[in-house]
Each structure stands twice: as C-alpha cells, then as structure tokens.
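*Asks:* Have a look at the structure that comes next, please.
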Amino acid sequence: MRILEELVSSEPLLDAALVERAVRASRELALMLRALEQDPTLLADDGFFHAVAKLRDELRAQLEGNAATARADER
C-alpha cells in the first residue's frame, strides 16, 4: 500500500481520493483471500465470489477513471 501512497505523492496526475479507495478495496480483497486460505469451503459460496468480483470491478473502474482523468489533464 505504501507504493500507492508514494506514487500519489510523486505523480500529480493521480487523484489521492481515487488511490485511497483503491487501497481500501485492495485491503478488503486481501482480507477475503486470507479468509479463503483459512476456510477453503468458501469456494462453494456464491456470495464470496460475488464480493470478490465486486471489489475487482470497483478497482478496475477506479483505475480506468484515473486514466481518463490523466488523459483529460494532459490535453
């Protein structure tokens, strides 16, 4: 997570709030993966996969949004 924080401080085109949300989602995903490691039966739980997919989609949207903002700022 420090890498993202350092990137924001060194790259003015990155939106700090966007990166903060990405860090939060990454932490949530890490917790979910730890839970899966401790309880492999979660693989049979559709709710678990839905939650992971939701986080994946959130991270992707944030990254795409930041890329679009950076492109607009470059113009």
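*Asks:* Out of (1) surrounded by 15 or more Cβ atoms within 10 Å (Cβ to Cβ); (2) modelled with pLDDT under 70, what's the single condition that is false for Ala70?
*Replies:* Unmet condition: (1).
*Asks:* Against the condition surrounded by 13 or more Cβ atoms within 10 Å (Cβ to Cβ) and at pLDDT 85 or above, how does Leu36 come out, does it pass?
*Replies:* Spelling it out, Leu36 is indeed surrounded by 13 or more Cβ atoms within 10 Å (Cβ to Cβ) and at pLDDT 85 or above.
*Asks:* Report, ordered by the first and then the second residue, all pairs with beta carbons closer than 6 Å, sequence separation of six or more or different chains, a first member in region 44-65 that is surrounded by 12 or more Cβ atoms within 10 Å (Cβ to Cβ), and a second member that is aromatic (Phe, Trp, Tyr) and assigned to a helix (DSSP H, G or I).
*Replies:* none
The values are calculated or read from the model by the stated rules, or taken from the named source; none is laboratory data. Small disclaimer: the values here were computed from a predicted structure and weren't measured. Cβ: placed from backbone, ideal geometry, glycine included. Neighbour counts: every protein chain shown.
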